[in-house]
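The values are calculated or read from the model by the stated rules, or taken from the named source; none is laboratory data. Just so we're clear, the structure is a prediction, and the values are computed from it rather than from any experiment. Neighbour counts are summed over all protein chains in view; Cβ atoms, including those assigned to glycine, are modelled from backbone coordinates with ideal geometry. All accessible areas refer to the heavy atoms of the entire protein, side chains included, with ligands and DNA or RNA removed. Shrake-Rupley method; radii C 1.70, N 1.55, O 1.52, S 1.80 Å.
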Amino acid sequence: MPRSGPPEARYYDKAMDGTVSCRLCHHRCRILPGSSGACRVRRNDGGRLVLPFYGLASALSVDPIEKKPLYHFLPGSSSYSIGYVGCNLHCPFCQNYSISQSTEAHLTPVNPAMLVQEARTAGCPSIAHTYSEPVVHAEFVEACMKAARAAGLANVLVTNGCAAPDAAVSLLSLCDAVNIDLKSWDEAFYRSELGGDLETVKAFIAEAFRSGVHVEATTLVIPGKNDETSHIDGIAGFLAALSPDIPLHVSSYRPMYRYTIPATPAATIHRLVKAARRRLRYVYAGNIAGERSITECRSCGAVLVARHVYAVDAGGLSGSRCSSCGSESPIINRCK
Ligand code: SF4
Ligand code: SF4
């Protein structure tokens, strides 16, 4: 007889005493019977690690792909976006803390076929796993990504990048585009403030790039925490060593959740964008009210894509080429 109840997780080991050890992320939680791991969504049920939140969405929305943010992937398109509950980090500035730090949200049962159908109905060429942390739902995310691939839709992952190497390889093999938070260049800040691990994030980004996934990175700049030029220099240098064409979004923070630090001044973002541009070709300021963002052709200087909030004009592109001079651009403008 098949067992009923939540599906069993991958990436864990059982011990003789009934505890389980989850291997999905750097925390490697040892979980007692009846308890959950640090992400709240992987539970020890009688010596098995199970997924009580499998196929439960906290949010379903049609978003501009620029909101992920992804600026060099299908510009101007919409992405069918799904959020979950739980996270393996506990950022004190989390903008989605009500779903990342709690499992009490209203949840909607979904399945991969339903998501594909809804994405198609909404005219979205991609499905994005986003809002909270999709990695802690790796099993369901992979099931959705397989269904989306089979249907010719692109897969987008928006993540903190804190996944163990084997889980990262498996997830990334199904992704077309990822935006990965690279929150700081300070290992201690990652560990003590966020519960994260800088080396794990760096390895995730490197694996995404190595496996041919379109990669963009985001750094949320918080005054007094990661706003020194040396931080962005480290981040930009790391990305540039993979490719100077990796877009970096340098975004302004606003007070949220447990942080009351005042919002990041626009001048700070502009200083850091300028510093990052010494190493990277495409660095964008994020969350600055009223600012227009453009991507120019590196051959002739024509504007390829202009963005203002979520209004996007990609009229400078002909496919992935510059419509003025015909040069290849770094922008992916059609699904595989
Ligand atoms: S995914 Fe969750 S349960 Fe597994 S190690 Fe990470 S925080 Fe712990
Ligand atoms: S990793 Fe993202 S979702 Fe998780 S707590 Fe941090 S900001 Fe929130």
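A count restricted to segment 37-57 and to residues that are open to solvent by 30 Å² or more (accessible area, probe 1.4 Å) and within 16 Å of ligand 2 (Cβ to nearest atom) stands at 3.
Taking every residue in segment 198-226 that is without any contact (Cβ under 8 Å) to a residue 24 or more places away in the chain and pairing it with any residue that is in a helix (DSSP H, G or I) and among the acidic types (Asp, Glu), at least 6 positions away or on another chain, the pairs with Cβ-Cβ distances below 6 Å are Leu198/Glu187.
So, in segment 188-197, of the ones that are out of contact with any Asp or Glu (no Cβ under 7 Å at 6 or more places or on another chain) and without any contact (Cβ under 8 Å) to a residue 24 or more places away in the chain, which residue ends up nearest to Pro330 (Cα to Cα)? Only one residue tops the list, namely Ala188. Taking residues in segment 76-94 that are outside the structural domain of Asp181 (by TED's automatic domain parsing) and more than 17 Å from Ala188 (Cα to Cα), and partners anywhere that are part of a loop (DSSP other than H, G, I, E, B) and away from ligand 1 (no atom under 16 Å from the Cβ), not one pair has Cβ atoms closer than 7 Å while being at least 6 places apart or on different chains.
Among the residues making up segment 94-113, those that are within 16 Å of ligand 2 (Cβ to nearest atom) and open to solvent by less than 50 Å² (accessible area, probe 1.4 Å) are Cys94, Ile99, Ser100, Gln101, Ser102, Thr103, Ala105. Segment 188-297 holds strands (runs of 3 or more DSSP E) entirely within its bounds, and those carrying 2 or more residues that are touching a Ser or Thr at 6+ places or on another chain (Cβ under 7 Å) and open to solvent by less than 70 Å² (accessible area, probe 1.4 Å) map to 214-221, 248-252, 283-286. Within segment 202-247, the set of residues being acidic (Asp, Glu) and farther than 23 Å from Asn333 by Cβ comprises Glu207, Asp227, Glu228, Asp233. For segment 139-163, which positions are touching a residue at least 40 places away in the same chain (Cβ under 8 Å) and either outside any helix (DSSP H, G or I) or open to solvent by 10 Å² or more (accessible area, probe 1.4 Å) (or both)? If the condition is that a residue be touching a residue at least 40 places away in the same chain (Cβ under 8 Å) and either outside any helix (DSSP H, G or I) or open to solvent by 10 Å² or more (accessible area, probe 1.4 Å) (or both), then Glu139, Gly152, Leu153, Ala154, Val156, Val158, Thr159, Asn160, Gly161, Cys162, Ala163 are the ones that fit. Report yes if Arg23 is among the basic types (Lys, Arg), within 16 Å of ligand 2 (Cβ to nearest atom) and touching a helix residue (DSSP H, G or I) at 6+ places or on another chain (Cβ under 9 Å), otherwise no. Considered against the rule, which asks whether it is among the basic types (Lys, Arg), within 16 Å of ligand 2 (Cβ to nearest atom) and touching a helix residue (DSSP H, G or I) at 6+ places or on another chain (Cβ under 9 Å), Arg23 comes out as no.
Give just the number: which of (1) away from ligand 1 (no atom under 16 Å from the Cβ); (2) touching a Lys or Arg at 6+ places or on another chain (Cβ under 8 Å); (3) not in a strand (DSSP E or B) does Val136 not satisfy? So the condition that Val136 fails would be (1).
Checked against the criterion of being of a type in the set (D, E, K, R), in contact with a Ser or Thr (Cβ under 8 Å, 6 or more places away or on another chain) and more than 21 Å from Arg28 (Cα to Cα), segment 162-178 has at least one qualifying residue. The condition (being within 20 Å of Ser251 (Cα to Cα), under 12 Å from the mean Cα position of the chain (by Cα) and among the acidic types (Asp, Glu)) is satisfied by just one residue among Asp181, Asp186: Asp181. Given the structure, is Leu70 in the same structural domain as Asn155 (by TED's automatic domain parsing), buried (at least 23 other Cβ atoms within 10 Å of the Cβ), on the phi > 0 side of the Ramachandran plot and more than 9 Å from ligand 1 (Cβ to nearest atom)? No; evaluated as a whole, the condition is false for this residue. The residue of segment 168-187 that is nearest to ligand 1 (Cβ to nearest atom), among those that are in contact (Cβ under 8 Å) with a residue 40 or more places away in the chain and under 30 Å from Gly224 (Cβ atoms), is Lys183.
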